[in-house]
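In what follows, a structure is listed as structure tokens, so that the remarks can point back to it.
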Amino acid sequence: MATDTTSNETVNRTARYLRKAWQGISVPLVAVLLGLIIGALLLLVSGAQPLSAYGALFEGAFGTPAAIQRTLEKATPLIFAGLAVAFAFKAGLFNIGAQGQLLIGAVVAAYVGFSIQGLPAIIHAPLALLIGGLAGALYGFIPGALKTYTGAHEVITTIMLNYVAINITDYLADGPWKDMTPGNIVARTPKIFPSAVLPSLGNIPTGFILALLAAVVAWWILYRTTLGYEIRTVGLNSSAAQYAGIRVAKIVILSMMISGFLAGMGGAVETQGINGRFQPGFNTGIGFDGITIALLGKTNPFGVIPAALLLGAMRAGSSKMQFSAGVAPEITDVITAVILFFVAADIIVKTLIRQRGTDDDKVTLSTGWSGH
């Protein structure tokens, strides 16, 4: 009798786990499906064949080992950017400044990569990564401190700091850190030394492995540490958290710094693993894509990975779709926007699949404008 009871409890526990897992992934999956369907309709209207176009997209993203490597390269900085935005979300902060933090991390990593010579690769590459991440963390500290001590909302300050970062990095790449190679007229830094380059393990970029590790560490911090509990508590209700003895000011600043560190690491990986230098325009939009990825991944560090791979595959395969099926590459941006719409307006998707929403499923984008 006891064995039957234990067995029933195990079955019920498994069923609850599977039900909860389905509730977590159903909305993003259906949103992607709806986005592809609407994209197919747009392709038909434009005179293209959806099956041929999507086939070319898939082939360009996964058809060859080189295509897979290109997809992973595209997805790597997106994972870091998505993690940055998702981590801030957990503290109730809407970090739109991942783009600026990523740029700062990218240019600082480039400087460490081209200015220090003679270091072994086992020291030089990690050093550039670390300093790039710390530069992003320092840049993330600014909106965190402004919110804590002045009440300035992070949405406004991070948007403004993005423009500051763009102008700072443009100045450095066309000024004191410019590549002075004879004949060069482009605003860019010198190439980093080979010792600072992140190698690839076959067709798998080292940066992609680091991004996966970053997702694991972010998840562990959020769900397996006291700090993570405090971050999530502040995100749910900062007033209640303060009443419970949590130092909200410290958590807000620290969350923005960790978010900035992740974004800065994404910029450093882009510099060291893909571009080999910093050049304005090469990193455009990655930080903003992090918002899409964080929402698509339901702000879960592990959910960020497939979301980033999806966008990375669409970016990597869009050129193949353009040349093979005669489709404008902007169609991938339209599909991405439609997917994000259905994720954000999840009530539509839940109605279609007849799923009852719960408060745990909701994503809190930001605290109020008063800072509470």
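Read-outs: derived from the displayed coordinates by stated rules, not from any lab. Keep in mind that what you see is a predicted model, and the values were worked out from it rather than measured. Please note: Cβ atoms are built from the backbone with ideal geometry, for glycine as well, and neighbour counts cover all protein chains shown.
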### Long-range tail of P(r) for the range 74-213 (Cα pairs > 21 Å, %)
49
### Task
Mind putting together the pair-distance distribution for the range 166-262? All Cα pairs, 10 Å bins, whole percent per bin, short to long.
13, 24, 22, 22, 14, 3, 0
### Query
Can you tell me the Rg and Dmax of the chain, counting just the alpha carbons, in angstroms?
21.9, 85
### Query
Taking the Cβ-Cβ separation of F58 and I25 as r and a Förster radius of 22 Å, what is the calculated FRET efficiency to the nearest 0.05?
0.55
### Label point distance in nm, A249-R232, each placed 7 Å from Cα along Cα→Cβ
2.7
### Query
Just for the Cα atoms in the range 213-291, what are the lengths along the principal axes, largest first, rounded to whole Å?
48, 22, 18
### Task
Please report the relative contact order for the range 79-184, taking Cα pairs under 8 Å with a sequence separation of at least 6, and give it as a percent rounded to a whole number.
33
### Query
Roughly how many nanometres apart are two label points built 7 Å out from the Cα toward the Cβ at N203 and Y171?
4.5
### L29, L34, L83, L57 arranged by Cβ crowding within 10 Å, fewest neighbours leading
L29, L34, L57, L83
## Note on the structure
For M180, M257, ascending order of other Cβ atoms within 10 Å (fewest first) is M180, M257
### Message
On a full-extension model of 0.36 nm per residue, what is the gain between L44 and F302, subtracting their alpha-carbon distance, rounded to one decimal in nm?
### Response
89.4 nm
## Note on the structure
Ranked output for segments 295-301, 198-204, 229-235, 279-285 by mean other Cβ atoms within 10 Å, highest leading, reads 295-301, 229-235, 279-285, 198-204
### Query
Can you pull the percent of Cα pairs in the range 212-258 with separation above 14 Å?
48
### Message
Once you keep just the Cα pairs under 8 angstrom separated by 6 or more residues, what percentage relative contact order results for the chain?
### Response
34
### Task
Please sort through the DSSP H helices of the chain and keep those with an alpha-carbon extent of at least 24 Å along the long axis and a Kyte-Doolittle average not below -1.0.
2-45, 65-90, 98-115, 121-150, 154-173, 206-224, 248-270, 301-325
### Task
Rank-order 105-116, 134-145 by packing density, defined as the average count of other C-beta atoms within 10 Å over each peptide's residues, highest first.
105-116, 134-145
### Message
Only four residue types carry charge here, +1 at the Cβ of Lys and Arg and -1 at the Cβ of Asp and Glu. Report the dipole size of the chain about the Cα centre in Debye, rounded to the nearest 20.
### Response
480
### Query
Of L72, L41, L127, how do they rank once you tally other Cβ atoms within 10 Å and put the fewest first?
L41, L127, L72
